[in-house]
1. Between Glu64 and Lys104, how high is the FRET efficiency from 1/(1 + (r/R0)^6) when r is the Cβ-Cβ distance and R₀ = 22 Å? Nearest 0.05.
2. Given the pairs Lys2/Lys138; Lys26/Lys74; Lys30/Lys104; Lys26/Lys71; Lys2/Lys58; Lys30/Lys138, which are separated by over 26 angstrom at their Cα positions?
3. Can you give the angle from 0 to 90° between the axis of helix 92-101 and the longest principal axis of the chain, with both taken from C-alpha atoms, to the nearest 10?
4. Please work out the Kirkwood hydrodynamic radius for the chain, using every pair of different C-alpha atoms, and report it in angstroms with one decimal place.
5. For Cα pairs less than 8 Å apart in space and 6+ apart in sequence, what is the mean separation divided by the residue count of the chain, i.e. the relative contact order in percent?
6. What distance in nm separates the simple spin-label points at Thr168 and Ala154, each placed 7 Å from Cα in the Cβ direction?
7. Report the charge-dipole magnitude of the chain in Debye, nearest 20, computed about the Cα centre from +1 at each Lys and Arg Cβ and -1 at each Asp and Glu Cβ.
8. Given the options Val126, Thr168, Ile136, identify the residue whose Cα lies farthest towards the positive end of the charge dipole of the stretch 117-182 (+1 on Cβ of Lys, Arg; -1 on Cβ of Asp, Glu).
Amino acid sequence: MKTLVVYTHPWEESFNHFVLETTVSKLEAKGYSVDVIDLHKDGFNPAFTQDDLRLFGKGEYHDELAANYIKRVKEADEIIFVFPIWWYGMPAMLKGFFDKVMLKGQAYGEVNHKLTGLLNIQKGAVFTTASVTEEILKYVGDPIGQTTINGIFAMIGIHNVTWIHCATVHLEASRLEYLSKIEAFIGQ
């Protein structure tokens, strides 16, 4: 199985980076082929440029990293996103990844005025951390469950998505429980 891990956090000493390393090592121990996109390390620019927008409607890329990323996404059997939740949503870097990489004609199409996913990735996961609980996230509209999983992922063809969240990330007990859930997910 080929697993793509999309990671975004600017600090290599963060708990999120530890989650990335743990995820990769557990997947490799199962014999999976693992590819990591580290948006910060790659120097990805999440902002659209005029040149990006000129090609956007054609499903073409000006940004070479974005073109490379969609190729890697299309090669994946499984995709895992690892990121912190900031201000109740994904970081700007990851939002830019979806904006610039998941283009019409590449990640989704339109048939009879309905959007249809082109990726057909059969297994997905979202590993998030935050200082707030899932209940608070749901109170503010459930941006990960509704917008990201039921919205973006459904639209582009990422199926069977599991969301594992670490609330109160500053507490050791929360971190240990979170890592245990991730290990159980990978062990399936």
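1. Numbers: r = 20 Å, r/R0 = 0.89.
Efficiency at R0 = 22 Å is approximately 0.65.
2. Values: Lys2/Lys138 32 Å; Lys26/Lys74 22 Å; Lys30/Lys104 34 Å; Lys26/Lys71 24 Å; Lys2/Lys58 29 Å; Lys30/Lys138 34 Å.
Going by Cα-Cα distance, Lys2/Lys138; Lys30/Lys104; Lys2/Lys58; Lys30/Lys138 fall outside the 26 Å limit.
3. Value to nearest ten degrees: 40.
4. Details: mean 1/r = 0.0588 Å⁻¹.
Evaluated on the chain, it is 17.0 Å.
5. Numbers: 292 pairs, mean separation 42.5, N = 188.
Once divided by the residue count of the chain, the mean separation gives 23 percent.
6. The two pseudo-label positions are separated by 3.2 nm.
7. On the way: 17 positive and 23 negative charges, 107 e Å.
Around 520 debye, computed over the chain.
8. Comparing the listed Cα positions along the dipole, Val126 ranks first.
Read the figures in this text as sums done on the coordinates, not as results from a lab. In this text, all values refer to a predicted model and were calculated from it rather than measured experimentally. Cβ coordinates were reconstructed from backbone atoms using ideal geometry, including for glycine residues, and neighbour counts include every protein chain displayed.
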